[in-house]
Every structure is written in C-alpha cells, then in structure tokens.
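The values are calculated or read from the model by the stated rules, or taken from the named source; none is laboratory data. Worth saying up front: this structure is predicted, and the values here are computed from it rather than measured. When we count neighbours, we look across all protein chains shown, and the Cβ atoms used for this are built from the backbone with ideal geometry, even at glycine. Heads up: the accessible areas ignore ligands, DNA and RNA and are worked out on the full protein's heavy atoms, side chains in. Shrake-Rupley method; radii C 1.70, N 1.55, O 1.52, S 1.80 Å.
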Amino acid sequence: NLKIIFLLRNPVDRSYSAYWMWRRHKSDLPPFKTMIANDSSLVRRGYYFRQVLPFIKLFGMSQVRIYIYEEITKQPEIFFKDIFQTISVDSTFVPRTMNKKVAGTKNYPRGLDKIVYKLGSKIINTPLLQSGWRELRRKTNVQENILGWFGYDEGKQSYPEMGVEDRKSLQKLYRKENSQLIELLERGEEIWPDTI
C-alpha cells in the first residue's frame, strides 16, 4: 500500500541550484564547470529515469506518482489536490504557503551567511528549539523581519546565472535519460524541451 512520490525539477537547473546550496556550506568547492565535467554526484542525481524505474518495476505505476517541479510552480493548487487525493487526505485543504517560496537559496550580506549557516542553523535545529522556531515561522514574519534588519533582499538574485556552455553541456548529458523518462510517463516534450 506504499505511496511513492517523486518531485522532479529540470535536471540542468537542479544541478546548478544544488551547487550553490553546497557552496553555502563549503566555499572552497571546485568551479561548477569542473564538477559537471567530472560526473560528480551533482550530475548523477539528475539521471531521473534510472532512479525512478526500479520503484515502478517493484511497486507498479499505480503506487508511484511523478510530479514535475516546473508544473507545480505554475499550478500548485492542482498538485496539492492530486497529492492529497493520492495519500487519501482532505483534498480541499489549501496550505497557507501554497504560493510562497519557502526554501530558496538566500543571498545574505557578506559575513551574515556564515552566521546564519554555520552558527544560527545549528542553534535553531537543536531538538529543544526546532519545533518552536518552525511554529513561530509559520505563524509570523519573524524570519523575514530578522533578515530585513541585516539588509537581506528577498527579491535579489541569490547566485549568478549559469554559463551558456555549462547549460549546453548538461542538456547534452541529460538528453537520453530525459527522453526515456518522458516515454515512461507517456508525456510529450513539453517537459524540459531544452533537454530532449
């Protein structure tokens, strides 16, 4: 009776976003170009077809749901209704954060990033404080207010755009895998057309 849910983002964009998330914690990472040339886990995590297929073979397509991130962001209400029906809960429930970005890579002023990621996150994620902090964030704007005091700008681009050549390299790497995934899902090329 297990329900298995995959949320898949364009693997090209996912790998670049993951790279910058890793950089928050490890500033001496090799350049993105080097990491994608060396078939690092940054690249391998984007081979979705080979990750999804064993679950479908074992459990059958009826127990596996595959959602596409880009479609979720365009129509989150459809995603939530379907996922709630899939797991047999109230499909009319509307999450308060449905149209809010809740986990973006943030661009903090110089120095604040180290305080937030090296010290602040360790303190907030202790078992004693974690549930209280989450509840406070859900019910108030405390996080945005604190970051506002330090000059954090939510609308600011959090990392530089990916280079054209890096994008082309990744598109080429993922082309075969994405074609297999689209065939498996019986979908058209509207999913990540630049990587098919």
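Structure notes:
- Nonlocal amide H pairs with LEU8, under 5 Å, H built at 1.01 Å: TYR67, ILE68, TYR69
- With a simple spin-label model that places each label point 7 Å from the Cα along the Cα-to-Cβ direction, the separation between SER62 and LYS33 comes to 5.2 nm.
- Computed FRET value (nearest 0.05) for ASP194 with GLU135, which takes r as the C-beta separation and R₀ as 45 Å: 0.65
- Ordered by solvent-accessible area of protein heavy atoms (1.4 Å probe), largest first, the residues ARG23, ARG137, ARG45 come out as ARG45, ARG137, ARG23.
- Accessible area of the stretch 1-103 divided out per residue, in Å², using a probe of 1.4 angstrom: 63
- Stretch gain in nm, segment TYR159-ASN99, where the contour uses 0.36 nm per residue and the Cα spacing is subtracted: 19.4 nm
- Virtual spin-label span in nm between LEU2 and TYR69, 7 Å along Cα→Cβ: 2.4
- The eigenvalues of the Cα gyration tensor, multiplied by 5 and square-rooted, give the stretch 19-94 an equivalent ellipsoid with semi-axes of 33, 19, 10 Å from largest to smallest.
- The distance between label points at THR126 and ASP90 comes to 3.6 nm (points 7 Å beyond Cα on the Cα→Cβ vector).
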